[in-house]
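> Please find one structure pasted underneath; my questions will follow.
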Amino acid sequence: MRKSLPQRIVLSVVGVLVALLILFPTYWMFVTSLRTPGEILSPKYDLIPTSFSFGNFATALGKDNFPVYLMNSLIVTVGSVLCALVAGTLAAIPLSRLRFTGRKGFLVLVMVAQLAPVSALFIPLFLLMRDAGLLNTLPSLLLIYFATTLPFTVWMLYGFVNGIPYELEEAAMIDGCSQTGAFRRVTLPLLGPGLVTTSVFSFITAWNEYLFALVFIQDKPKETLPVWLASFRTAFATDWGGVMAASVIYAVPALIFFLLVQRKLVSGATAGAVKG
């Protein structure tokens with residue numbers, strides 16, 4: 001049904017206002033990162049700056065062990081996302097294609113695991129990692145991020161697999177493919193947008209995680225970027241310029257990842273919404 005001109009104008013205005021509301025904090029962060037400490041604390045604070053300074057970025061990048069923290073974050077985040085995608089795919093395929101006793105109950109358990117508060121897992125996971133000798137190591141964070149993102153990954157990929165007709169695999173098997181070959185040649189390529197969409201959400205969850213990294217890691221060289229970002233605030237003062245510059249730097253890897261997969265992300269956003 002075609003909307004009238006006043007309706008289109010109202011919707012456009014509302015859309016612009018919502019976009020500005022969402023983008024303004026990012027703009028403010030970026031602009032503040034380019035100001036000097038005096039300008040940041042000045043009562044007169046221009047919305048559009050007239051001068052720029054990159055001293056805050058030099059301060060942030062000059063912090064000790066920044067490349068190490070960046071590498072640590074990339075290792076635990078990318079590793080946990082890859083593990084979650086592999087395990088989630090192996091779980092979603094039989095849940096969607098097979099009919100067995102307890103299948104619906106298992107899906108309910110997956111949802112319950114996703115809804116469980118993360119704070120309730122701190123003590124059990126801490127004791128588990130301590131007894132396993134993994135405390136204060138990057139593999140402990142990788143396993144924790146993998147475990148916390150896996151239920152969401154399974155549930156999302158289950159919906160995407162449901163959206164791929166099983167008849168396509170049957171046709172491939174009639175043409176001579178094995179069941180594994182039919183999955184690899186037919187289902188897996190069609191599942192690509194779903195894998196990308198799920199990986200984006202899992203990446204953001206693991207990349208932004210702070211509490212587990214703070215509690216489970218005691219050695220400075222093993223810390224991740226969220227903990228490094230918190231180091232700009234001390235008991236005596238907060239380097240707001242450094243915080244904003246570090247936040248911009250911190251957002252760059254996630255932004256690059258999003259730009260690399262955005263085409264697949266758009267097609268995958270609704271691919272699991274319908275079946276057939």
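> Provide, in order from the shortest bin, the percent of all Cα-Cα pairs of the stretch 1-138 in each 10 Å bin, continuing until the bin that contains the maximum pair distance.
With a bin width of 10 Å, the distribution comes to 8, 16, 20, 23, 23, 9, 2.
> Same structure again: Give the separation of the Cα centroids, the stretch 35-97 to the stretch 115-186, in Å.
25
> Kindly express, to the nearest 10 degrees and within the range 0 to 90, the angle between helix 5-33's C-alpha long axis and the longest C-alpha principal axis of the chain.
Taking Cα atoms only, the helix is inclined about 60 degrees.
> Give me D for the stretch 168-260 in µm² s⁻¹, whole number, from Stokes-Einstein with Rh from the Kirkwood sum over alpha-carbon pairs, 4 °C and 1.567 mPa s.
77
> With θ set to phi - 60°, apply the Karplus curve 6.51 cos²θ - 1.76 cosθ + 1.60 along the stretch 89-100 and write out the HN-Hα couplings as whole Hz, x wherever there is a Gly or Pro.
Computed from phi, the couplings for the stretch 89-100 are 5, 5, 8, 5, 4, x, 5, 8, 8, 9, 10, 9 Hz.
> Follow-up. Computed over the Cα atoms of the chain, what is the convex hull's projected area averaged over all directions, in nm²?
21.6
> Also, quick follow-up: With contacts defined as alpha carbon pairs under 8 Å and 6 or more residues apart, what's the relative contact order of the chain in percent?
Answer for the chain is 30 percent.
> With a point put 7 Å past each Cα toward its Cβ, work out how far ARG185 is from TRP28 in nm, to one decimal.
It works out to 5.7 nm between the two label points.
> Something else about it: Please count, across the chain, the pairs of lysine residues with Cα atoms under 28 Å apart that sit 8 or more places apart or on different chains.
Total qualifying Lys-Lys pairs in the chain comes to 4.
> Let me ask you something else. Nearest 10 degrees is fine. How inclined is helix 192-207 to the longest principal axis of the chain, computing both from alpha carbons?
That works out to roughly 40 degrees.
> Taking only protein heavy atoms and a 1.4 Å probe, what accessible area per residue, in Å², does the chain have with all protein chains in place?
59
> Same structure, new question: Take peptides 165-172, 39-46 and line them up by average Cβ neighbours within 10 Å, highest first, as a rough protection proxy.
Top of the packing list down: 165-172, 39-46.
> Quick one: among ALA235, ALA87, ALA251, which has the greatest mean-square fluctuation in a GNM of the chain with alpha-carbon springs under 10 angstrom?
ALA235
> Sticking with this one: Taking every pair of alpha-carbon atoms in the stretch 5-52, what share in percent sits in each 10 Å bin, from 0 to the bin with the longest distance?
In order of increasing distance, the bins hold 23, 36, 21, 16, 5 percent.
> Could you work out what % of the accessible surface of the stretch 1-62 is carbon and sulfur, using a 1.4 angstrom probe and leaving DNA, RNA and ligands out of the count?
Values: 3630 of 4830 Å².
Roughly 75 percent of what the probe reaches on the stretch 1-62 is carbon or sulfur.
> Mind checking the angle between helix 138-162 and the chain's longest principal axis? C-alpha axes, 0 to 90 degrees, to the nearest 10.
It works out to around 50 degrees.
The values are calculated or read from the model by the stated rules, or taken from the named source; none is laboratory data. Because the structure is predicted, anything quoted here is derived from the model rather than measured. In this analysis, Cβ positions are derived from the backbone assuming ideal geometry, glycine residues included, and neighbour counts consider all displayed protein chains. Only protein heavy atoms, including side chains, enter the accessible area calculation; ligands, DNA and RNA are left aside. Shrake-Rupley method; radii C 1.70, N 1.55, O 1.52, S 1.80 Å.
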